[in-house]
Structures are given as C-alpha cells and as structure tokens.
Amino acid sequence: MGRTMVVSGSVFVEVSPEVAYAAVSDPTQMGRWSPENLGATVREGRAAYAGMRFDGHNKRGPIRWTTRCTVTAADPGARFAFRVGAIGLKRPVVPGPIATWEYRFEAEGHGTRVTETWTDDRRGWPDALANAFDKVATRGSTFAQFQRRNIDTTLRNLKAALEA
C-alpha cells in the first residue's frame with residue numbers, strides 16, 4: 001500500500017488574512033502553536049521573503065533536533081511556505097528533501113480560513129522503508145497520521161492565540 005504524501009487541515013479565525021499571515025510567517029513564533037516546534041532562528045533578515053533561511057528547533061518526547069528551512073513563498077495575506085532541506089540533532093548537517101509546509105490565508109466573511117499543508121518530500125524512499133522509519137520516529141504512526149494530529153493541534157492553538 002502506498003503512503004499518504006500530503007496532509008492538510010484548516011480553521012476559521014476571526015482576524016484578517018494579513019494578521020493571520022503576519023503571525024504564521026514569523027518562524028520564531030511557531031513554537032507558540034505547534035506541539036512539536038519550539039521556534040526558529042532566522043538566518044538573515046526578519047520579515048519573511050522567498051529564499052529566506054531559518055533553522056527550526058523541534059522536540060518530540062526526549063528527542064530534540066534542528067532543521068534547515070528555506071522559504072519558498074511569502075505572499076502577505078495569501079500564502080507562506082517553506083521547504084525543509086536538512087536535519088541534525090544540534091545543527092542541520094544531513095541534507096536531503098524532507099518536507100514542505102504551506103499555509104494559505106483566504107478571506108471568509110469577517111475572518112480568514114487558514115489552511116496548513118504538510119507534504120512528504122521523501123519521494124525517493126521506498127514506502128516500506130518510510131513507513132517503518134516513521135513508526136519508530138513517531139512511536140507507532142506514519143508521518144501522515146502524526147502530522148494530521150500536529151496540524152489539528154497547531155491550528156486550534158493558532159485560533160485561540162489570534163482570537164484572544
């Protein structure tokens with residue numbers, strides 16, 4: 001059986017697309033909402049732009065790791081996306097396609113529909129190997145199942161923070 005390569009979720013928030021975008025496009029703040037991300041170190045600049053690089057700091061259980069990310073889309077009020085291209089425990093020293101994260105912001109009534117999408121970029125991995133690795137790394141799930149839960153939690157936390 002093939003593996004799920006793309007997982008999405010969405011939430012309605014009672015703020016403008018520009019406000020939602022401003023929150024999500026600052027990777028140093030993602031740790032406020034994500035159950036796994038602890039924030040990021042932006043490598044250059046502050047406002048998001050295509051090509052901007054940052055190191056994401058993550059934790060799952062007792063394990064901590066860092067990823068090197070490159071912003072691929074930074075369209076204020078509309079879309080923010082980045083590709084994860086390296087990973088390591090303290091520094092992202094192992095290069096390779098890992099994942100792409102995308103956030104879309106659509107005006108809806110008096111607020112915004114925020115859609116978060118995770119894409120598994122490990123296309124060169126055989127399904128059996130990826131699924132076996134995933135079950136060890138997530139303690140029993142595929143990354144698609146695991147990220148679906150993470151997306152739901154992130155969006156719920158983002159909504160609560162933006163509407164507070």
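The values are calculated or read from the model by the stated rules, or taken from the named source; none is laboratory data. Quick caveat: nothing in here was measured; it's all calculated off a predicted structure. Note that each Cβ is placed from the backbone with ideal geometry, even for glycine, and that neighbours are counted across all protein chains shown.
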Point to revise | Residue within the stretch 31-42 that is at pLDDT 95 or above, part of a strand (DSSP E or B) and closer than 12 Å to TYR103 by Cα present | key: no
Exercise for review: May I ask you to say which residue of THR154, THR138 is under 22 Å from PRO76 (Cβ atoms) and β-branched (Val, Ile, Thr)?
Suggested key: THR154
Review point. For the stretch 113-132, which residues satisfy the criterion of being under 11 Å from GLY2 (Cα atoms), hydrophobic (A, V, I, L, M, F, W, C) and surrounded by 16 or more Cβ atoms within 10 Å (Cβ to Cβ)?
Key: ALA130
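The rows are residues; the columns are (1) in contact with a Lys or Arg (Cβ under 7 Å, 6 or more places away or on another chain); (2) closer than 27 Å to GLY96 by Cα; (3) in a helix (DSSP H, G or I); (4) touching a residue at least 60 places away in the same chain (Cβ under 8 Å).
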| site | (1), (2), (3), (4) |
| --- | --- |
| ARG123 | no, yes, no, yes |
| LEU129 | no, yes, yes, no |
| ALA132 | no, yes, yes, no |
| VAL136 | no, yes, yes, no |
| ARG139 | no, yes, no, yes |
| LEU158 | no, no, yes, yes |
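In the stretch 20-37, what residues are of a type in the set (S, T, N, Q) and surrounded by fewer than 16 Cβ atoms within 10 Å (Cβ to Cβ)?
Going residue by residue through the stretch 20-37, those that are of a type in the set (S, T, N, Q) are 25, 28-29, 34, 37.
Of everything in the stretch 20-37, just one residue is of a type in the set (S, T, N, Q) and surrounded by fewer than 16 Cβ atoms within 10 Å (Cβ to Cβ), namely THR28.
Here's the yes/no breakdown for (1) assigned to a helix (DSSP H, G or I); (2) surrounded by fewer than 18 Cβ atoms within 10 Å (Cβ to Cβ):
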| site | (1), (2) |
| --- | --- |
| GLY2 | no, yes |
| GLU18 | yes, yes |
| GLU44 | no, yes |
| TRP65 | no, yes |
| ALA74 | no, no |
| PHE82 | no, no |
| ILE87 | no, no |
| ILE98 | no, no |
| PHE105 | no, no |
